[in-house]
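These notes are about the structure you will find just below.
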Amino acid sequence: MYLLTRQIANSTQEESNTISQNTRMGISYRFQEGKVIVNHNKFLGYTKDETGNLVIVPEEAEIVRRIFREFLEGKSPYKIAAGLERDKKLTGSGGSRWYDSTVTKILKNEKYMGDALLQKTYTVDFLTKKRVKNSGYSKTGKSAYTSEYAFSGKLFCQNCGSKYRRSAWGSGKNKKHVWICINHQMNGDPASKQKAVKEKDIEQAFLRAMNKVIGSKEAFLDKISEDIYRGLKPLEEEYTIEQLYARLEELQQEMKSLVRQGMKEGLVNEKEYSVLGTEIESIRNRMQSLKEQQAERASRVNRVEELQDYLMVQEANLIEFDEEIFRRFVEKVKVQSMAEAAFVFKVGVEVREIL
């Protein structure tokens with residue numbers, strides 16, 4: 001009886017874990033495809049149509065405009081709330097009572113600026129469903145451009161593979177910033193003989209590398225279009241995601257039936273239970289692998305299209321280092337020596353340049 005109880009508990013826990021993982025994978029996959037999930041409940045000014053797209057509610061949108069307009073005119077959230085309540089305007093939840101905190105939340109809501117800040121919380125335990133505030137990282141991703149400096153985490157020593165660290169040399173008018181191999185800085189020449197490189201030299205090298213790309217954009221785009229999937233594993237085509245989902249549901253139903261039968265008979269078939277559990281895990285792993293492969297291909301295409309869009313409208317060469325362009329298009333910089341570096345673009349192409 002103890003064995004049966006344990007198997008029932010394991011089955012229930014497995015089902016809960018499966019649902020949790022499928023939900024997380026589905027959300028992550030939609031993010032990677034550029035599809036966002038925005039809750040329109042209590043979202044003043046918007047609702048959703050039959051296809052799930054956000055649509056503006058004109059009368060509510062006017063309230064939102066009024067809030068921002070009055071705030072820019074110098075009114076406090078308290079006075080704005082009092083005016084809305086006096087004029088019998090309804091809140092996003094349909095209530096008639098306005099608080100200054102309600103107005104403040106609307107003013108701070110990034111969605112009214114056209115942004116969608118997602119994964120503000122995440123589930124840390126699939127059994128208790130406990131959710132915690134996401135302070136910058138979750139198990140599925142992190143925010144873009146978290147580093148203070150453009151080159152942070154992107155410079156790699158080709159002598160030992162270590163990353164580079166920013167340091168300041170000199171003081172006052174003679175102060176300059178350099179990037180040093182961390183291994184060399186910590187352990188000296190025996191660990192790595194790479195010398196420091198000046199920040200300005202890296203900036204100018206990138207400027208020349210980027211201008212090479214701009215100057216030969218047609219040939220460059222032809223090359224990255226041909227090599228777009230180079231280095232990726234062949235995409236599994238035996239089963240689609242939908243077919244794998246369907247098979248997973250079948251196995252879960254079989255597992256439930258096995259447990260029900262065991263409850264009636266007082267004993268669960270251990271061998272059959274183990275076989276089903278193994279196949280469920282296998283299907284789940286295949287689904288995850290296939291989604292990752294599809295996401296990587298979609299990401300490659302998006303990176304190529306982003307660079308293509310930029311190059312098509314960029315006619316003139318750059319005249320100064322642009323941190324935003326570097327962050328957008330460069331994956332890493334391989335420092336060959338204090339005199340040479342290779343800029344590896346996110347589309348997979350490498351451009352060498354003298355420092």
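The values are calculated or read from the model by the stated rules, or taken from the named source; none is laboratory data. Note that the structure is predicted; figures quoted are calculated from it, not measured. A quick note on method: Cβ atoms are made from the backbone with ideal geometry, for glycine too, and the neighbour counts reach across all protein chains shown.
Does Glu305 fit the bill of being acidic (Asp, Glu), at pLDDT 85 or above and part of a helix (DSSP H, G or I)?
Numbers: acidic (Asp, Glu): yes; at pLDDT 85 or above: no; part of a helix (DSSP H, G or I): yes.
When the stated conditions are applied, Glu305 does not pass them.
State yes or no: is Leu267 part of a helix (DSSP H, G or I) and among the aliphatic types (A, V, I, L, M)?
Values: part of a helix (DSSP H, G or I): no; among the aliphatic types (A, V, I, L, M): yes.
Here the answer is no, as Leu267 does not meet what is asked.
Would you confirm whether or not segment 131-150 contains a residue that is at pLDDT 50 or above and on the phi > 0 side of the Ramachandran plot?
The answer is no; no qualifying residue exists.
Residue check: is Ala168 under 33 Å from the mean Cα position of the chain (by Cα), hydrophobic (A, V, I, L, M, F, W, C) and in a strand (DSSP E or B)?
yes
Among the residues of segment 297-326, count how many are within 17 Å of Lys212 (Cα to Cα) and of a type in the set (S, T, N, Q).
Final tally of qualifying residues: 3.
Name every residue in segment 168-198 that is among the polar types (S, T, N, Q), farther than 14 Å from Gln336 by Cα and either surrounded by 15 or more Cβ atoms within 10 Å (Cβ to Cβ) or at pLDDT 90 or above (or both), in order of residue number.
Asn183, Gln185
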